[in-house]
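Quick notes on the structure that follows.
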């Protein structure tokens, strides 16, 4: 394939995508927003900080220049949500024509100040560019090993979705198309909150009964918020919804579940984050989701309790008691 892909952001997921696309035969240009990391990766031909031991294929290049990285038509934005806007502003400053470019977001979160999704931030900063969202149960350490994985590419433009599907699909990385960008982005963001809750449950020593409850009732909260935000409820039952939710809540590789587990064991959030070299998106997403639930007047008890634990120093044990002793009612799915 002659397609050339640019990936801006060299964390574990951006690097993983670069490697699997290069192994497919595409020319890939990977660019970190940190100059020292670009120099290091170019010299070592691997990303030792996030994927140690995974050597870059010969057709994966490290581009030192952000401006030069923007010359390719398909540009993947693999930046944590809280940093996306700043990177997009830098992209605008390069004075490069973005006409006919396709920007693909692979971030999973909600911007804290604006309460907007990554695709909306891209459109807000770059104008009416073509956009797509790649999401799903995609643990980087499994994908890089060639473990069979499925995901979603969502776009309002069907031609863009089909083109990106063809680009990203491999024999071990199956890609489905979707047109509900809001649903795909919300599902991928909100599942991280439930994963933190499941991690807290693990840290407290609870079992699968508790985690099953958190997953099912967490999904209800996701659907409630999604419907109010204009997403299709059926989206949350698919790969980027329930699929991503289950993976993140149960995987030993999940950063968000890991953060929750350590909180459940009594550690302080600031100490946990200080020793992590990767971003757990759910930590900031829970604040955004809690504010959004209040703005839209939606009952999200699990989200509320995780917010109180992370931001108001509520004890995990008290949060469990408060969830379990709420007024009794019939089960509701929405």
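A few remarks follow.
- Gained length - residue 278 relative to residue 64, 0.36 nm times residue gap less alpha-carbon distance: 74.9 nm
- Based on the Stokes-Einstein relation at 10 °C and a viscosity of 1.306 mPa s, and on the Kirkwood radius from alpha carbon pairs, the chain is assigned a translational diffusion coefficient of 79 µm²/s.
- Sorted fewest first by neighbouring Cβ atoms within 10 angstrom, 151, 198 come out as 151, 198.
- Residues residue 227 and residue 113, FRET efficiency given R0 of 22 Å [Cβ-Cβ distance, rounded to 0.05]: 0.35
- Within the stretch 73-135, percent of DSSP bridges classed antiparallel, to nearest 5: 0 percent
- Sorted fewest first by neighbouring Cβ atoms within 10 angstrom, 261, 93 come out as 93, 261.
- Inter-part distance where the stretch 64-114 and the stretch 18-33 are each reduced to a Cα centre, Å: 16 Å
- Global form of the stretch 111-166, assessed from the alpha-carbon gyration tensor, a/c cut-off 1.5: oblate
- Prolate/oblate/rounded call for the stretch 145-203, Cα gyration tensor, a/c under 1.5 rounded: oblate
- Between the beta carbons of residue 269 and residue 34, assuming R0 = 35 Å, the FRET efficiency works out to 0.90 to the nearest 0.05.
- Global geometry of the stretch 91-210, whether rounded, prolate or oblate, following the gyration tensor of its Cα atoms and the 1.5 cut on a/c: oblate
- What the Cα convex hull of the stretch 191-334 gives, in volume per residue, is 108 Å³.
- When both the stretch 265-334 and the stretch 185-214 are represented by their alpha-carbon centers, they are found 10 Å apart.
Taken together, the values in this text are just the output of simple stated rules run on the coordinates, not laboratory data. Everything numeric here is computed off the predicted structure, so don't read it as measured data. Cβ sites come from the backbone with ideal geometry, for glycine too, and all protein chains shown count toward neighbours.
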